[in-house]
Amino acid sequence: MVNKGPIEVYAVGGYNEVGKNMTAIKIKNDSFIFDCGLYIPPIAELEEKTNNYTTQQLRRIRAIPDDMWLEQQGIRPSVRAILISHAHLDHVGGVPFLAQRYKAPVIGTPFTMKVLDCIQKDNNIKIPNQIKSVPPNSSIKIKGDKNYDVEFIHVTHSTLQCTFVVVHTDVGAVVYANDFKLDNYPVLGQKSNIERLKEIVKSEGIKAFIVDSLYSEKYAKTPSEKIARYMLEDLFMTLDNEQSAIFVSTFSSHIARLKSIVDFGKILNREIIFVGRSLNKYVSAASNIKMAPFIKDIQTFSYSDKVKKILRKVNENRKNYLVVCTGHQGEPGSILDRIAKNELPFQFRGDDHMIFSSSIIPTSINIENRDKLDKKIRKMGTRIFSDIHVSGHACREDLREIVKILNPENVIPAHGAYEQLLPMTELLKEMGYKQNKDIHLMQDREKVVI
Ligand SMILES: [Zn+2]
């Protein structure tokens, strides 16, 4: 059957906030959902009270996408697949709570699906949906009114096996591009597969481009992960003869960054230990797909008694260890938070070192939590090294680059609130696009037909 457009695009979540990403598209009788993420800040508050939450609780605090709206739009029965772009919680974290509402498989790259497996176990949930792993740079056929090719094209970001998800339709390709950066020197894994994108442009053209516009206001090109690696190397060289404690905290899902930390940690001749549950979770998912080359150089500790035991040892022989731990956002319950509250048998002292290979995700709760944490650590006289980090998100000039390459017919800025998405519309206007004609600036619970 010939299935010519139009295509309906539904902004479900991630258009009023940085989090709970979800977008749906409908072509005649077939729909696809892209991503199903969590909005973390309200959960951080909830987590102080409980560890296991229900879908209803998460809906009430608006931590998951409002897919009830999607249901009101009549989309639910036509969903053929839930397509997950990458392993960050704001993209995959909602799946255990919402996927069972759809008679559709959940599909993503092996690393992403491994992480999904871990978060299901963490929440004591087992979704009934079929789970399908598709290697980066390959495709899968989805049956609807017609057969669709859905392609997962590798792009660089700040976790492993991140992809642009491409749904091929009779009126051109729909490219879902949350999240990415254009890194010419990735520390782990391949460069973005621009060649394949160019082929698609040539063979069928891009009908719609749903794109991570979070940093579209930054007049810059996002620096390569290699820069963060040099920053770490530079810092570790100066710490070479130190006798005091060295702690590092970074995003647990940032496997390339963890690799750099271990690589340079080795020159310090210290035992490298990873402490905290989320670190263990992502590292074991990476190891499972053979993408944690540093696994032989580290020991991991996640359970309470073992964490206490090893931290007691660190406290007594601080010069023997390099500790990589959770807590760079000051998250309640993280290792750093518990150390600062004297709940663990390690105390920071003067001349100890606390390295944050991260940036603060700018929500009021994170800023407040980190501020409290920093004050407590500083009070003990410890040296703090902040922002040993580069971002995983494209800046304005990367966005210009990718739009030039893809030359899409329609652009839908995504991954942020109105203020974050607006600069992307200005960039697009510079490039000859027109608001409401081929630029579609959307909010959560809005639909556009293209
Ligand atoms: Zn991401």
Exercise. Residues SER391, SER386, SER358: which one is more than 25 Å from ASN193 (Cα to Cα) and within 16 Å of the ligand (Cβ to nearest atom)?
Worked result: SER358
Seminar exercise, completed: Of (1) within 16 Å of the ligand (Cβ to nearest atom); (2) under 28 Å from TYR185 (Cβ atoms), THR363 fails just (2)
Exercise. Can you name every residue in segment 23-44 that is part of a strand (DSSP E or B) and over 20 Å from THR425 (Cα atoms)?
Worked result: ALA24, ILE25, LYS26, ILE27, ASP30, SER31, PHE32, ILE33, PHE34
Seminar exercise, completed: Selection from segment 22-75 of residues at pLDDT below 95 and among the hydroxyl-bearing types (Ser, Thr, Tyr) yields TYR39, THR50, TYR53, THR54, THR55
Problem set entry | Considering residues of segment 61-89 that are in contact with a strand residue (DSSP E or B) (Cβ under 9 Å, 6 or more places away or on another chain) and under 24 Å from LYS181 (Cα atoms) only, the residue nearest to the ligand (Cβ to nearest atom) | HIS86
Exercise. If the Cβ limit is 9 Å and pairs must be 6+ apart or interchain, which residue in segment 362-374 that is over 18 Å from ALA417 (Cα atoms) pairs with which residue that is in a helix (DSSP H, G or I)?
Worked result: ASN369/ALA44; ASN369/ASP337; LYS372/ASP337; LYS372/ALA340; LEU373/LEU336; LEU373/ASP337; LEU373/ALA340
Exercise. Got a sec? Which helices (runs of 4 or more DSSP H) wholly within segment 219-300 have at least 2 residues that are surrounded by 18 or more Cβ atoms within 10 Å (Cβ to Cβ), modelled with pLDDT under 95 and of a type in the set (Lys, Arg)?
Worked result: 277-288
Problem set entry | Subset tally (residues that are modelled with pLDDT of 95 or more and part of a loop (DSSP other than H, G, I, E, B)) for segment 417-436 | 4
Seminar exercise, completed: Expected output for segment 377-395 (first residue outside any loop (DSSP other than H, G, I, E, B) and at pLDDT 95 or above, partner surrounded by fewer than 17 Cβ atoms within 10 Å (Cβ to Cβ) and of a type in the set (Gly, Ala, Ser), Cβ below 7 Å, 6+ apart or cross-chain) is CYS395/ALA220
For this session: For GLY144, state whether it is out of contact with any Ser or Thr (no Cβ under 9 Å at 6 or more places or on another chain), more than 16 Å from the ligand (Cβ to nearest atom) and small (Gly, Ala, Ser).
Result: no
Exercise. Residues of segment 194-234 being under 22 Å from the mean Cα position of the chain (by Cα) and acidic (Asp, Glu), which ones?
Worked result: ASP212, GLU217, GLU225
For this session: Of all residues in segment 156-178, count the ones that are within 16 Å of the ligand (Cβ to nearest atom) and either at pLDDT below 95 or closer than 18 Å to ILE227 by Cβ (or both).
Result: 4
Exercise. If a residue has to be more than 17 Å from ALA24 (Cβ to Cβ) and of a type outside the set (Asp, Glu) to count, how many in segment 412-450 make the cut?
Worked result: 21
Seminar exercise, completed: Of the residues in segment 166-212, those that are touching a His at 6+ places or on another chain (Cβ under 6 Å) and either within 24 Å of ASN436 (Cβ to Cβ) or of a type in the set (A, V, I, L, M) (or both) come to ASN178, ASP212
Exercise. If we scan segment 241-254, do we find a residue that is within 21 Å of ASP179 (Cα to Cα) and of a type in the set (A, V, I, L, M, F, W, C)?
Worked result: yes
For this session: Considering (1) part of a loop (DSSP other than H, G, I, E, B); (2) over 26 Å from ALA256 (Cβ atoms), say which one GLY330 fails and leave the rest.
Result: (2)
Seminar exercise, completed: LYS404: passes all of (1) in contact with a Phe, Trp or Tyr (Cβ under 8 Å, 6 or more places away or on another chain); (2) within 20 Å of TYR176 (Cα to Cα); (3) assigned to a helix (DSSP H, G or I) but (1)
Exercise. Only one residue in SER213, SER252 is among the small types (Gly, Ala, Ser), closer than 19 Å to GLY392 by Cβ and touching a Phe, Trp or Tyr at 6+ places or on another chain (Cβ under 9 Å), so which one is that?
Worked result: SER252
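The values are calculated or read from the model by the stated rules, or taken from the named source; none is laboratory data. Keep in mind it's a predicted model, so treat the numbers as computed, not measured. Using ideal geometry, Cβ is built from the backbone for each residue, glycine included, and neighbour counts are taken over all protein chains shown.
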